[in-house]
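The values are calculated or read from the model by the stated rules, or taken from the named source; none is laboratory data. Because the structure is a prediction, the values reported are computed rather than measured. As a convention, Cβ positions derive from the backbone with ideal geometry for all residues, glycine included, and neighbour counts pool all protein chains shown. These area figures cover heavy atoms from the full protein model, side chains too; ligands, DNA and RNA do not enter into them. Shrake-Rupley method; radii C 1.70, N 1.55, O 1.52, S 1.80 Å.
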Amino acid sequence: EMTEQERAFQDKIDADIKIEPKDWMPDDYRATLIRQIGQHAHSEIVGQLPEGNWITRAPTLERKAILLAKVQDEAGHGLYLYCAAETLGVSRDEITEMLLDGRMKYSSIFNYPTLNWADIGAVGWLVDGAAIMNQVPLQRTSFGPYSRAMIRICKEESFHQRQGYDAIRKMAEGTPEQRRMAQDAMNRLWYPSLMMFGPSDKESVHSAQSMAWKIKINTNDELRQKFVDQTVPQAEYLGLSIPDPDLKWNEARGHYDYTDPDWSEFFDVIKGNGPCNVDRLAARNKAWDDGKWVRDGLLAHARKKRTRNLA
Ligand code: FAQ
(Lines give C-alpha, C1' and ligand atoms only; values in the text may rest on other atoms or scores of the structure.)
Protein backbone atom coordinates (compact mmCIF):
# COMPACT_ATOMS: atom_id res chain seq x y z
CA GLU A 1 0.00 0.00 0.00
CA MET A 2 1.62 3.28 -1.16
CA THR A 3 1.27 6.61 0.64
CA GLU A 4 0.25 9.62 -1.44
CA GLN A 5 3.85 10.81 -1.46
CA GLU A 6 5.11 7.43 -2.68
CA ARG A 7 2.42 7.36 -5.40
CA ALA A 8 3.44 10.82 -6.64
CA PHE A 9 7.09 9.68 -6.66
CA GLN A 10 6.29 6.55 -8.66
CA ASP A 11 4.21 8.63 -11.11
CA LYS A 12 7.24 10.82 -11.78
CA ILE A 13 9.39 7.76 -12.39
CA ASP A 14 6.76 6.27 -14.71
CA ALA A 15 6.63 9.56 -16.65
CA ASP A 16 10.46 9.46 -17.07
CA ILE A 17 10.94 12.61 -14.99
CA LYS A 18 14.37 12.58 -13.36
CA ILE A 19 14.64 12.57 -9.58
CA GLU A 20 17.02 15.28 -8.35
CA PRO A 21 18.92 15.36 -5.02
CA LYS A 22 16.58 17.81 -3.27
CA ASP A 23 13.39 15.99 -4.32
CA TRP A 24 11.57 13.76 -1.87
CA MET A 25 12.44 10.09 -2.34
CA PRO A 26 11.68 6.87 -0.43
CA ASP A 27 14.42 5.85 2.04
CA ASP A 28 14.97 2.57 0.20
CA TYR A 29 15.38 4.35 -3.14
CA ARG A 30 18.11 6.47 -1.57
CA ALA A 31 19.76 3.47 0.11
CA THR A 32 19.68 1.40 -3.09
CA LEU A 33 21.28 4.20 -5.07
CA ILE A 34 23.99 4.73 -2.45
CA ARG A 35 24.73 1.00 -2.60
CA GLN A 36 24.79 0.79 -6.39
CA ILE A 37 26.57 4.08 -7.15
CA GLY A 38 29.02 3.49 -4.30
CA GLN A 39 29.75 -0.05 -5.48
CA HIS A 40 30.16 1.28 -9.02
CA ALA A 41 32.56 4.04 -7.85
CA HIS A 42 34.62 1.57 -5.82
CA SER A 43 34.83 -0.69 -8.90
CA GLU A 44 36.31 2.12 -10.95
CA ILE A 45 38.90 2.82 -8.25
CA VAL A 46 39.83 -0.80 -7.49
CA GLY A 47 39.68 -1.47 -11.24
CA GLN A 48 42.76 0.70 -11.70
CA LEU A 49 44.87 -1.87 -9.84
CA PRO A 50 44.97 -4.79 -12.30
CA GLU A 51 45.80 -2.44 -15.19
CA GLY A 52 47.98 0.08 -13.34
CA ASN A 53 50.20 -2.88 -12.61
CA TRP A 54 51.10 -3.05 -16.33
CA ILE A 55 51.82 0.63 -17.07
CA THR A 56 55.52 0.18 -16.42
CA ARG A 57 55.62 -2.96 -18.57
CA ALA A 58 53.62 -1.87 -21.63
CA PRO A 59 55.37 -3.15 -24.78
CA THR A 60 55.65 0.20 -26.60
CA LEU A 61 55.54 3.91 -25.78
CA GLU A 62 52.22 4.21 -27.61
CA ARG A 63 50.62 1.37 -25.65
CA LYS A 64 51.93 2.89 -22.45
CA ALA A 65 50.43 6.31 -23.22
CA ILE A 66 47.08 4.71 -24.07
CA LEU A 67 47.02 2.58 -20.91
CA LEU A 68 48.02 5.53 -18.75
CA ALA A 69 45.15 7.59 -20.19
CA LYS A 70 42.69 4.75 -19.63
CA VAL A 71 43.68 4.19 -16.01
CA GLN A 72 43.42 7.94 -15.36
CA ASP A 73 39.93 7.87 -16.89
CA GLU A 74 38.91 5.17 -14.38
CA ALA A 75 40.04 7.44 -11.54
CA GLY A 76 37.89 10.22 -13.02
CA HIS A 77 34.88 7.88 -13.28
CA GLY A 78 35.29 6.97 -9.63
CA LEU A 79 35.34 10.65 -8.71
CA TYR A 80 32.20 11.61 -10.64
CA LEU A 81 30.41 8.66 -9.12
CA TYR A 82 31.50 9.55 -5.58
CA CYS A 83 30.14 13.06 -6.25
CA ALA A 84 26.83 11.59 -7.44
CA ALA A 85 26.68 9.49 -4.24
CA GLU A 86 27.43 12.58 -2.12
CA THR A 87 24.28 14.28 -3.45
CA LEU A 88 22.36 11.52 -1.63
CA GLY A 89 23.79 12.57 1.74
CA VAL A 90 26.73 10.22 2.22
CA SER A 91 30.25 11.62 2.29
CA ARG A 92 33.06 10.26 0.15
CA ASP A 93 35.08 9.50 3.29
CA GLU A 94 32.21 7.47 4.74
CA ILE A 95 31.76 5.25 1.72
CA THR A 96 35.51 4.95 1.21
CA GLU A 97 35.79 3.62 4.75
CA MET A 98 32.97 1.18 4.02
CA LEU A 99 34.96 -0.16 1.06
CA LEU A 100 38.16 -0.38 3.09
CA ASP A 101 36.62 -2.40 5.92
CA GLY A 102 34.64 -4.68 3.59
CA ARG A 103 31.12 -3.36 4.31
CA MET A 104 30.71 -2.31 0.67
CA LYS A 105 31.46 -4.33 -2.43
CA TYR A 106 33.19 -3.65 -5.75
CA SER A 107 32.87 -5.60 -8.97
CA SER A 108 33.83 -9.28 -8.74
CA ILE A 109 35.93 -8.99 -11.92
CA PHE A 110 38.71 -7.03 -10.22
CA ASN A 111 39.46 -9.96 -7.94
CA TYR A 112 41.07 -11.82 -10.84
CA PRO A 113 44.73 -11.24 -11.71
CA THR A 114 46.18 -9.78 -14.94
CA LEU A 115 49.06 -12.17 -15.59
CA ASN A 116 50.51 -10.83 -18.83
CA TRP A 117 50.10 -8.24 -21.59
CA ALA A 118 47.42 -10.24 -23.41
CA ASP A 119 45.28 -9.92 -20.28
CA ILE A 120 45.41 -6.13 -20.60
CA GLY A 121 44.00 -6.39 -24.13
CA ALA A 122 41.37 -8.86 -22.96
CA VAL A 123 40.37 -6.63 -20.03
CA GLY A 124 39.81 -3.69 -22.37
CA TRP A 125 37.90 -5.80 -24.85
CA LEU A 126 35.83 -8.02 -22.54
CA VAL A 127 35.69 -6.20 -19.19
CA ASP A 128 35.15 -2.72 -20.61
CA GLY A 129 32.85 -4.30 -23.21
CA ALA A 130 30.71 -5.77 -20.42
CA ALA A 131 30.93 -2.51 -18.47
CA ILE A 132 29.52 -0.42 -21.33
CA MET A 133 26.82 -2.97 -22.08
CA ASN A 134 25.60 -2.37 -18.52
CA GLN A 135 26.26 1.40 -18.49
CA VAL A 136 24.65 2.52 -21.77
CA PRO A 137 21.13 1.83 -20.41
CA LEU A 138 22.11 3.46 -17.09
CA GLN A 139 22.36 6.78 -18.95
CA ARG A 140 18.55 6.66 -18.68
CA THR A 141 18.49 5.77 -14.98
CA SER A 142 15.94 7.75 -12.95
CA PHE A 143 18.36 9.61 -10.63
CA GLY A 144 19.62 12.76 -12.41
CA PRO A 145 23.22 12.97 -11.14
CA TYR A 146 23.85 9.25 -11.80
CA SER A 147 22.38 9.45 -15.28
CA ARG A 148 24.47 12.50 -16.20
CA ALA A 149 27.67 10.92 -14.86
CA MET A 150 26.95 7.86 -17.03
CA ILE A 151 26.78 9.92 -20.23
CA ARG A 152 30.37 11.04 -19.91
CA ILE A 153 31.57 7.72 -18.56
CA CYS A 154 30.13 5.84 -21.54
CA LYS A 155 32.00 8.03 -24.02
CA GLU A 156 35.28 7.24 -22.30
CA GLU A 157 34.39 3.59 -21.79
CA SER A 158 33.84 3.09 -25.51
CA PHE A 159 37.39 4.34 -26.18
CA HIS A 160 38.58 1.82 -23.57
CA GLN A 161 36.80 -1.02 -25.27
CA ARG A 162 38.24 -0.11 -28.66
CA GLN A 163 41.79 0.17 -27.35
CA GLY A 164 41.40 -3.26 -25.75
CA TYR A 165 40.12 -4.79 -28.97
CA ASP A 166 43.01 -3.21 -30.86
CA ALA A 167 45.56 -4.57 -28.38
CA ILE A 168 44.14 -8.11 -28.40
CA ARG A 169 43.85 -8.03 -32.21
CA LYS A 170 47.56 -7.26 -32.46
CA MET A 171 48.26 -10.32 -30.31
CA ALA A 172 45.74 -12.53 -32.16
CA GLU A 173 47.35 -11.60 -35.50
CA GLY A 174 50.87 -11.95 -34.11
CA THR A 175 53.33 -14.83 -33.64
CA PRO A 176 52.08 -18.28 -32.56
CA GLU A 177 53.20 -17.45 -29.02
CA GLN A 178 51.24 -14.16 -29.01
CA ARG A 179 48.20 -16.00 -30.35
CA ARG A 180 48.50 -18.58 -27.62
CA MET A 181 48.66 -15.82 -25.01
CA ALA A 182 45.55 -14.13 -26.45
CA GLN A 183 43.63 -17.42 -26.34
CA ASP A 184 44.80 -18.10 -22.79
CA ALA A 185 43.62 -14.63 -21.68
CA MET A 186 40.24 -15.33 -23.31
CA ASN A 187 40.01 -18.70 -21.56
CA ARG A 188 40.58 -17.16 -18.14
CA LEU A 189 38.57 -13.93 -18.51
CA TRP A 190 35.44 -15.10 -20.35
CA TYR A 191 33.49 -16.38 -17.36
CA PRO A 192 34.59 -13.66 -14.92
CA SER A 193 33.36 -11.14 -17.57
CA LEU A 194 29.95 -12.86 -17.76
CA MET A 195 29.76 -12.69 -13.95
CA MET A 196 30.04 -8.89 -14.04
CA PHE A 197 26.33 -8.66 -14.91
CA GLY A 198 25.44 -10.12 -11.52
CA PRO A 199 23.65 -13.33 -10.52
CA SER A 200 20.99 -14.94 -12.70
CA ASP A 201 17.61 -13.21 -12.67
CA LYS A 202 16.25 -15.92 -10.35
CA GLU A 203 18.86 -15.00 -7.73
CA SER A 204 18.96 -11.25 -8.26
CA VAL A 205 17.38 -9.92 -5.07
CA HIS A 206 17.34 -6.24 -6.06
CA SER A 207 16.27 -6.33 -9.73
CA ALA A 208 12.47 -6.17 -9.36
CA GLN A 209 12.38 -3.10 -7.11
CA SER A 210 15.34 -1.41 -8.86
CA MET A 211 13.60 -1.84 -12.22
CA ALA A 212 10.28 -0.49 -10.91
CA TRP A 213 12.24 2.57 -9.77
CA LYS A 214 14.19 2.68 -13.07
CA ILE A 215 17.45 2.56 -11.15
CA LYS A 216 18.13 -0.45 -13.37
CA ILE A 217 16.74 -0.57 -16.89
CA ASN A 218 17.44 -4.21 -17.80
CA THR A 219 17.74 -7.49 -15.94
CA ASN A 220 21.13 -9.11 -15.38
CA ASP A 221 20.40 -11.98 -17.79
CA GLU A 222 19.17 -9.65 -20.55
CA LEU A 223 22.43 -7.72 -20.53
CA ARG A 224 24.54 -10.88 -20.25
CA GLN A 225 22.80 -12.29 -23.34
CA LYS A 226 23.38 -9.05 -25.28
CA PHE A 227 27.05 -9.18 -24.33
CA VAL A 228 27.41 -12.79 -25.52
CA ASP A 229 25.63 -11.96 -28.79
CA GLN A 230 27.90 -8.98 -29.40
CA THR A 231 31.15 -10.68 -28.43
CA VAL A 232 30.93 -13.99 -30.30
CA PRO A 233 31.32 -12.44 -33.78
CA GLN A 234 34.23 -10.30 -32.50
CA ALA A 235 35.98 -13.43 -31.18
CA GLU A 236 35.35 -15.17 -34.52
CA TYR A 237 36.91 -12.24 -36.35
CA LEU A 238 39.98 -12.54 -34.13
CA GLY A 239 40.12 -16.31 -34.63
CA LEU A 240 39.82 -16.88 -30.88
CA SER A 241 37.56 -19.53 -29.47
CA ILE A 242 35.17 -19.01 -26.58
CA PRO A 243 35.81 -21.50 -23.77
CA ASP A 244 32.26 -22.88 -23.88
CA PRO A 245 31.77 -26.04 -25.98
CA ASP A 246 27.98 -25.65 -25.83
CA LEU A 247 27.93 -22.13 -27.20
CA LYS A 248 25.86 -22.06 -30.38
CA TRP A 249 23.53 -19.83 -32.37
CA ASN A 250 19.85 -20.53 -31.67
CA GLU A 251 17.90 -19.58 -34.77
CA ALA A 252 14.51 -19.77 -33.03
CA ARG A 253 15.55 -17.46 -30.17
CA GLY A 254 17.68 -15.21 -32.35
CA HIS A 255 20.43 -15.42 -29.70
CA TYR A 256 23.44 -17.53 -28.84
CA ASP A 257 22.84 -20.30 -26.30
CA TYR A 258 25.67 -20.34 -23.78
CA THR A 259 26.67 -22.03 -20.54
CA ASP A 260 26.20 -19.94 -17.41
CA PRO A 261 29.20 -19.16 -15.20
CA ASP A 262 29.83 -21.29 -12.14
CA TRP A 263 27.64 -19.34 -9.72
CA SER A 264 29.21 -20.89 -6.65
CA GLU A 265 32.52 -19.32 -7.74
CA PHE A 266 30.77 -15.95 -8.19
CA PHE A 267 29.21 -16.00 -4.70
CA ASP A 268 32.52 -17.11 -3.24
CA VAL A 269 34.38 -14.20 -4.92
CA ILE A 270 31.87 -11.60 -3.72
CA LYS A 271 32.18 -13.01 -0.18
CA GLY A 272 35.87 -12.10 -0.31
CA ASN A 273 37.44 -15.39 -1.37
CA GLY A 274 38.53 -14.62 -4.95
CA PRO A 275 42.18 -14.92 -5.99
CA CYS A 276 42.98 -11.21 -5.40
CA ASN A 277 40.42 -9.91 -2.84
CA VAL A 278 42.95 -9.69 -0.01
CA ASP A 279 45.57 -7.97 -2.20
CA ARG A 280 43.12 -5.45 -3.65
CA LEU A 281 41.81 -4.34 -0.26
CA ALA A 282 45.33 -4.24 1.17
CA ALA A 283 46.43 -1.98 -1.72
CA ARG A 284 43.46 0.40 -1.20
CA ASN A 285 44.01 0.48 2.58
CA LYS A 286 47.70 1.25 2.11
CA ALA A 287 46.90 4.08 -0.34
CA TRP A 288 44.37 5.53 2.14
CA ASP A 289 46.83 5.31 5.06
CA ASP A 290 49.73 6.71 2.99
CA GLY A 291 47.55 9.66 1.94
CA LYS A 292 46.54 10.57 5.50
CA TRP A 293 49.23 13.27 5.84
CA VAL A 294 47.86 15.00 2.73
CA ARG A 295 44.28 14.98 4.04
CA ASP A 296 45.46 16.16 7.46
CA GLY A 297 47.55 18.92 5.88
CA LEU A 298 44.68 20.16 3.71
CA LEU A 299 42.32 20.21 6.70
CA ALA A 300 44.84 22.06 8.89
CA HIS A 301 45.37 24.59 6.12
CA ALA A 302 41.63 25.12 5.66
CA ARG A 303 41.16 25.58 9.41
CA LYS A 304 44.01 28.12 9.62
CA LYS A 305 42.59 30.08 6.70
CA ARG A 306 39.15 30.14 8.31
CA THR A 307 40.42 31.51 11.64
CA ARG A 308 42.48 34.09 9.74
CA ASN A 309 39.38 35.19 7.79
CA LEU A 310 37.35 35.43 11.00
CA ALA A 311 40.00 37.55 12.73
N1 FAQ B 1 30.35 -8.02 -8.34
O2 FAQ B 1 20.36 -8.26 -6.77
P3 FAQ B 1 21.58 -8.16 -7.61
C4 FAQ B 1 33.85 -0.85 -14.17
C5 FAQ B 1 25.97 -8.30 -5.68
S6 FAQ B 1 32.40 -1.68 -14.48
C7 FAQ B 1 30.16 -7.87 -7.02
O8 FAQ B 1 21.47 -8.55 -9.04
P9 FAQ B 1 21.99 -5.36 -8.35
C10 FAQ B 1 34.57 -0.20 -15.35
C11 FAQ B 1 25.00 -7.16 -5.46
O12 FAQ B 1 25.67 -6.00 -5.02
C13 FAQ B 1 31.95 -2.57 -13.01
N14 FAQ B 1 28.93 -7.95 -6.44
O15 FAQ B 1 22.21 -6.69 -7.46
C16 FAQ B 1 36.00 -0.55 -15.40
C17 FAQ B 1 24.08 -7.76 -4.41
O18 FAQ B 1 24.75 -7.76 -3.14
P19 FAQ B 1 24.36 -6.72 -1.93
C20 FAQ B 1 31.07 -1.78 -12.10
C21 FAQ B 1 27.88 -8.14 -7.26
O22 FAQ B 1 22.72 -4.27 -7.67
C23 FAQ B 1 36.45 -1.40 -16.38
C24 FAQ B 1 24.01 -9.22 -4.82
O25 FAQ B 1 25.18 -9.48 -5.58
N26 FAQ B 1 29.79 -1.51 -12.69
O27 FAQ B 1 34.21 -0.81 -13.06
C28 FAQ B 1 28.02 -8.26 -8.65
O29 FAQ B 1 20.55 -5.18 -8.62
C30 FAQ B 1 37.82 -1.74 -16.47
C31 FAQ B 1 22.74 -9.54 -5.61
O32 FAQ B 1 22.76 -9.01 -6.94
C33 FAQ B 1 28.70 -1.28 -11.93
O34 FAQ B 1 28.75 -1.33 -10.73
C35 FAQ B 1 29.32 -8.22 -9.19
N36 FAQ B 1 29.56 -8.37 -10.50
O37 FAQ B 1 22.68 -5.70 -9.75
C38 FAQ B 1 36.92 -0.03 -14.48
C39 FAQ B 1 27.43 -0.94 -12.68
N40 FAQ B 1 26.79 -8.45 -9.19
O41 FAQ B 1 24.77 -5.35 -2.44
C42 FAQ B 1 38.26 -0.38 -14.56
C43 FAQ B 1 26.30 -0.49 -11.79
C44 FAQ B 1 25.91 -8.46 -8.16
O45 FAQ B 1 22.89 -6.84 -1.72
C46 FAQ B 1 38.72 -1.23 -15.56
N47 FAQ B 1 25.73 -1.58 -11.05
N48 FAQ B 1 26.57 -8.27 -7.00
O49 FAQ B 1 25.21 -7.17 -0.78
C50 FAQ B 1 24.73 -2.39 -11.51
O51 FAQ B 1 24.28 -2.26 -12.64
C52 FAQ B 1 24.19 -3.44 -10.57
O53 FAQ B 1 24.58 -3.12 -9.27
C54 FAQ B 1 24.64 -4.89 -10.93
C55 FAQ B 1 24.09 -5.86 -9.85
C56 FAQ B 1 24.08 -5.30 -12.28
C57 FAQ B 1 26.17 -5.02 -10.93
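For this structure, a couple of remarks:
- Residue 246/residue 184 FRET efficiency (R0 25 Å; Cβ-Cβ; nearest 0.05): 0.75
- Dipole of the chain, positive direction: furthest Cα of 300, 127, 167, with charges on the beta-carbon: 300
- Heavy atoms of residue 169: accessible area, 1.4 Å probe, square angstrom to 10: 70
- Full-stretch length increase - residue 16, residue 155 - with 0.36 nm per residue and alpha-carbon distance subtracted: 47.8 nm
- Take the stretch 1-159 with all the other protein chains still there, run a 1.4 Å probe, and you get 44 Å² of accessible area per residue.
- Only Lys, Arg, Asp and Glu carry charge here, each on its Cβ (+1 for the first two, -1 for the last two); on that basis the chain has a dipole of about 1500 debye about its Cα centre.
- Accessible area of the stretch 193-311 divided out per residue, in Å², using a probe of 1.4 angstrom: 62
- Tail weight of P(r) past 38 Å, computed on alpha-carbon pairs of the chain, percent: 18
- Counting protein heavy atoms only, the stretch 54-185 has 56 percent of its accessible area on carbon and sulfur, 1.4 angstrom probe.
- Amide H contacts under 5 Å for residue 255, placed H, 5+ residues apart: 250
- Efficiency of FRET between residue 290 and residue 31 - r from beta-carbon atoms, R0 41 angstrom, step 0.05: 0.85
- Tensor-based shape of the stretch 79-183 (alpha-carbon gyration tensor, a/c under 1.5 rounded, otherwise prolate or oblate): oblate
- Order of exposure, largest accessible area first, which applies to 203, 265 with probe 1.4 Å: 203, 265
- Per-residue ellipticity at 222 nm from helix content only, as computed over the chain with -39500 (n - 2.57) for each DSSP H run of at least four residues, stands at -21000 deg cm²/dmol.
- Hypothetical label at residue 140: residues of the stretch 204-227 whose amide nitrogen lies under 19 Å (7 Å Cα-Cβ projection): 207-227
- Computed from backbone phi with θ = phi - 60° and the Karplus coefficients 6.51, -1.76 and 1.60, the 3J(HN,Hα) list for the stretch 179-184 is 4, 5, 5, 4, 5, 5 Hz; x is used for glycine and proline.
- For the stretch 239-291, the spherically averaged projection of the C-alpha convex hull amounts to 6.8 nm².
- Exposure rank, largest accessible area first [40, 255, 301; 1.4 Å]: 301, 255, 40
- By the compact-protein rule of thumb, 2.2 N^0.38 Å, the alpha-carbon radius of gyration of the stretch 130-211 corresponds to a ratio of 1.42.
- For the stretch 47-158, with +1 on Lys and Arg beta carbons and -1 on Asp and Glu, the positive-most of 72, 60, 84 along the dipole: 60
- In the stretch 165-298, the alpha-carbon atoms span a convex hull of 198 Å³ per residue.
- Each residue of the stretch 138-152 is assigned a 3J(HN,Hα), and the resulting list reads 5, 4, 9, 4, 6, 8, x, x, 5, 5, 5, 4, 5, 4, 5 Hz, derived from the Karplus form 6.51 cos²θ - 1.76 cosθ + 1.60 (θ = phi - 60°), x at Gly and Pro.
- When only Cα pairs below 8 angstrom with a gap of at least 6 residues are kept, the stretch 1-136 shows a relative contact order of 28 percent.
- Note on residue 255 and residue 303: the extension gain reaches 11.2 nm, defined as 0.36 nm multiplied by sequence separation minus the Cα-Cα distance.
- Centre separation in Å (Cα based) which lies between the stretch 224-295 and the stretch 76-106: 23
- The GluC sites (Glu not before Pro) of the stretch 1-105 that DSSP puts in a loop, and whose beta carbon has at most 15 other beta carbons within 10 Å, are 1.
- Taking a point 7 Å from the Cα of residue 103 along the Cα-to-Cβ direction, the residues of the stretch 259-296 with backbone N closer than 19 Å to it are 271-272, 281-282, 284-286, 288-289.
- Shown for the stretch 158-311: lysine pairs separated by 8 or more places, or found on different chains, whose C-alpha atoms are under 21 Å apart, numbering 9.
- Subtracting the Cα-Cα distance of residue 69 and residue 229 from their residue separation scaled by 0.36 nm leaves 54.7 nm.
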